[in-house]
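*Asks:* Supplied in structure tokens, the structure appears directly below.
The values are calculated or read from the model by the stated rules, or taken from the named source; none is laboratory data. What you are looking at is a predicted structure, and each value in this text was computed from that prediction instead of being measured. Virtual Cβ from ideal backbone geometry, glycine too; neighbours counted across all protein chains shown. All accessible areas refer to the heavy atoms of the entire protein, side chains included, with ligands and DNA or RNA removed. Shrake-Rupley method; radii C 1.70, N 1.55, O 1.52, S 1.80 Å.
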Amino acid sequence: MKIMQLCVGMVGTNCYIVYDEKSREAAVIDPGDNAPSILQAITQEKLNVRYVLLTHAHFDHILAAHEVLQATGAKYVVPEADMWLLKRENMGQFRSFARSYVEDVPDVTAGEGTQVAFGGLTAAYMSTPGHTPGSSVIRIGDVLFTGDTLFRQECGRCDLEGGDFGQMLRSLRRLYELEGDYKVMPGHEGLSTLAEERKYNPYMLQAVGK
């Protein structure tokens, strides 16, 4: 498994392109903005993008989705509980940033346990509400793509519509209790590991009563 990380958009969203080296089949996770840079990376690596996967549907994670879908023919996977956020009128204070946004109908509405396969890889959805009702962690091999649920020594904000700090703590506890270690690739800022977050993340420690 190979992973490319692109920082895109006005708030520095991490977009990931995950692919199988042998088959060149790929998935794009959270195409937040700047479709040309995402498509250039796909073209340079000669990838066949099978899926566009969202960890959640806030504006800064979806603005390039339409162009990527149109250019690649990929299937669109969106957490079911965040379908309402795909509509421009539900972007609230962020609507002005999405003037060029085009809404697409998902091919797959994801929930707990939803899986999609590309190449020799499987992407599995874990429901981790708190930042949004549909916020999810996508697990591929030994990597957790945590969206805006878990950041390096932080967690996602819960003060926007649909956010719930109590749910966030329960989601962080669930991640804490996963067996073993994982690489943590969040929706913003730097990378981490689950072992590091178990030790140093104050919100995760609050979630487990430490």
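*Asks:* What is the dipole size for the chain, taken about its Cα centre, with +1 at each Lys and Arg Cβ and -1 at each Asp and Glu Cβ, in debye to the nearest 20?
*Replies:* 220
*Asks:* Here's something else I'd like to know. So what is the 222 nm mean residue ellipticity for the chain from helices alone, if each DSSP H run of at least 4 adds -39500 (n - 2.57) and you divide by all residues, rounding to the nearest 500 deg cm²/dmol?
*Replies:* After summing the helix terms and dividing by residue count, I get -5500 deg cm²/dmol.
*Asks:* Next question, about the same structure. With springs only between Cα atoms under 10 Å apart, run a GNM on the chain and tell me which of Gly130, Gly111, Gly190 wobbles the most.
*Replies:* Top of the fluctuation ranking is Gly190.
*Asks:* Continuing with this model, one more query. Amide H of Tyr101: which non-local residues (sequence gap of 5 or more, or other chain) have their own amide H closer than 5 Å, using H built in the peptide plane?
*Replies:* Long-range HN contacts for Tyr101: none found.
*Asks:* While we're here: Which residue fluctuates the most in the chain, going by a Gaussian network model with Cα springs under 10 Å, if the choices are Leu172, Leu54, Leu191?
*Replies:* Leu191
*Asks:* Also: Distance from a point 7 Å along Cα→Cβ of Glu196 to each backbone N in segment 120-157: keep the residues under 17 Å and list them by number.
*Replies:* 142-156
*Asks:* Now, a different point. If you line up the Cα atoms of segment 14-120 on their principal axes, what length do they span on each, largest first, in Å?
*Replies:* Result for segment 14-120: principal-axis Cα extents of 43, 32, 21 Å.
*Asks:* Under 5 Å between amide hydrogens, which residues at least 5 positions from Gly141 or on another chain qualify, with H placed 1.01 Å from N in the peptide plane?
*Replies:* Hits under the 5 Å cutoff: Thr122.
*Asks:* Give me the percent of accessible area attributable to carbon and sulfur for the chain, probe 1.4 angstrom.
*Replies:* The nonpolar share, carbon plus sulfur, comes to 46 percent.
*Asks:* Mind listing the Cα extents of segment 53-170 along all three principal axes, in Å, largest one first?
*Replies:* Cα extents, longest axis first: 38, 34, 22 Å.
*Asks:* Find the relative contact order for segment 121-210 and round it to a whole percent, using C-alpha pairs within less than 8 Å whose residues are 6+ positions apart.
*Replies:* Contact order relative to length: 28 percent.
*Asks:* Now for a separate question. What list of whole percents do you get for P(r) of the chain, with Cα-Cα distances grouped in 10 Å bins up to the one holding the largest distance?
*Replies:* 9, 38, 37, 14, 1
*Asks:* If I model a spin label at Glu189 and Thr122 as a point 7 Å from the Cα along the Cα→Cβ vector, what separation in nanometres do I get?
*Replies:* 3.3
*Asks:* Using the heavy atoms of the protein chains alone and a 1.4 angstrom probe, what is the accessible area of segment 101-143 per residue in square angstrom?
*Replies:* 36
*Asks:* Here is a follow-up. Would you report the distance distribution of C-alpha pairs in segment 55-107 as whole percents per 5 angstrom bin, up to the bin with the largest distance?
*Replies:* Histogram of Cα-Cα distances, whole percents per bin: 4, 21, 34, 25, 13, 3, 0.
*Asks:* Ok, one more. Please work out the average accessible area per residue across segment 43-82, using the 1.4 Å probe convention, and give it in Å².
*Replies:* 38
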